[in-house]
Amino acid sequence: MKKIFTLLVMLCAALGMQAQDKYVVAGASTLLGENWNADTEINVMTTADNGATYTLEKQGVKLQKGNNYEFKVVKVEGENKTWYGTGDDGNTNYSVAVEADGEYTVKFTFTVETTTATCEATKTGEAVFDEDVWTLVGSSVLCGKSWDLEDADGVNKFSTTDKITYTLVKENLILEADTPNEFKIALNHSWDVAYGKDGGKDNNSLTVSETAKYTVTFTFVNDDTHLLTAVAVKTGEATVAEKTWTMAGSGVELFGTEWDPANTDNDLAKISDGYYELVKENVTLEAKDYKFKVCANHAWDESYGDNGADMVLTVENAGLYNVTFTFFSEAKTLTAELGEASGIQNVKLNNTNANVIFNLKGQRVNANYRGIAIKNGHKMIVK
């Protein structure tokens, strides 16, 4: 009887262990050894109270004063992952900062009931650090290569005389009017520590009002503000070559590949100056949302959607459709029309440009407009 009872206890314990959820800490490689990898096994948290809280301890972590090292906790359920951060929406990364350079033991704790995490860093010794390298990372127009952390040639390395204010001057850059060029500054060729707009995590952006040749001076202040700025001074005249515009988005059945700006099968044809079009005929679509954007020259350096966000087509019933994408390069306006190819017409455009009327220059017009217009990618004559 005693043996049966012992076996039952062991079985219950085993079942309890099998039922426990899997939580992983993902974030800066300086903290965790791998950069934002939720699939790793080295950062799996453990529980000692039957799943009420989970912990992970990392030893020998070298941290520097003044840097913020970010992380989130991830619940892993097979292929599905749920990311937990802080803030009102839970989407903001947690941050670890220390008051002195050194070697630390870092303990992460996650409370399941409140889905909140804490982090405690305890200094255990001194540490030697290599000289910091701050690098400009961003569009190829600014950096020569798109979002290149490595910067093997060192052409995007900032210089400093006081280790507080860092500068980088880029000459002979050809910038196009009203076209945003995004950028950030990164520490030691890693996304562990990077700053953008207003010293935050969003990309900074440089836009000029005239297409020309410029000298751009980037300045970074490594204090509590982490302020990164760019000033462009015109130095000469320049022209920009005509661009190739390509659709990219979700849904292999629609785009052939997922979010692939290099897929030439999705290049738009030039109909007239500033007016481009791509027609996909007899496409079998599922009943779901399809997201998409248009990008320039087969890269993400310049892309447009719905006021910066992805555009969305919501297909309410699966079926066979004709899809027409229309883009006005001057107004940066992207539209889409789904035509009936199988007797099914139960699709709606889920974006702010749906049912908006444009003239041939891509300018939005009101109901009083008369002449040739475009609505949802379809040409028509308004009388």
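With a ≥ b ≥ c the root eigenvalues of the C-alpha gyration tensor of the range 62-186, is it rounded (a/c under 1.5), prolate (a/b larger than b/c) or oblate?
Oblate, since a/c reaches 1.5 and b/c is not below a/b.
How large, in percent, is the carbon and sulfur part of the accessible surface of the range 68-142 at a probe radius of 1.4 Å?
Carbon and sulfur atoms account for 41 percent of the accessible area of the range 68-142.
Give me the distance in nm between label points sitting 7 Å out from Cα along the Cα-to-Cβ direction at GLN20 and LYS197, one decimal.
4.2 nm
If all Cα-Cα distances of the range 113-171 are sorted into 5 Å bins from 0 onward, what percent lands in each bin, rounded to whole numbers?
4, 13, 17, 14, 11, 10, 12, 11, 6, 2, 0
Just to confirm, what accessible area per residue do you get for the range 127-200 at 1.4 Å probe, in whole Å²?
Accessible area per residue, the range 127-200: 50 Å².
At 1.4 Å probe size, with every protein chain present, just tell me what the per residue accessible area of the range 243-332 comes to in Å².
The answer is 42 Å² per residue.
Roughly how many Å is it from the Cα centre of the range 79-138 to that of the range 158-222, as a whole number?
25 Å
Could you check how much of the accessible area of the range 147-239 is carbon and sulfur, as a whole percent, using a 1.4 Å probe?
Roughly 47 percent of what the probe reaches on the range 147-239 is carbon or sulfur.
Considering only protein heavy atoms, what is the solvent-accessible area of THR86 at a probe of 1.4 Å, reported in Å² to the nearest 10?
Here the residue's solvent-accessible area equals roughly 50 Å².
Determine the per residue accessible area of the range 41-122 with all protein chains present and a 1.4 angstrom probe, expressed in square angstrom.
Computed with neighbouring chains in place, this is 55 Å² per residue.
Using the Kirkwood formula over every pair of different C-alpha atoms, what hydrodynamic radius in Å results for the range 140-272?
Radius from the Kirkwood sum: 16.9 Å.
The values are calculated or read from the model by the stated rules, or taken from the named source; none is laboratory data. Keep in mind it's a predicted model, so treat the numbers as computed, not measured. Heads up, the Cβs are rebuilt from the backbone with ideal geometry, glycines too, and the neighbour counts pull from every protein chain shown. The protein model used for the area step is the full one, side chains on, heavy atoms only, and it has no ligands, DNA or RNA in it. Shrake-Rupley method; radii C 1.70, N 1.55, O 1.52, S 1.80 Å.
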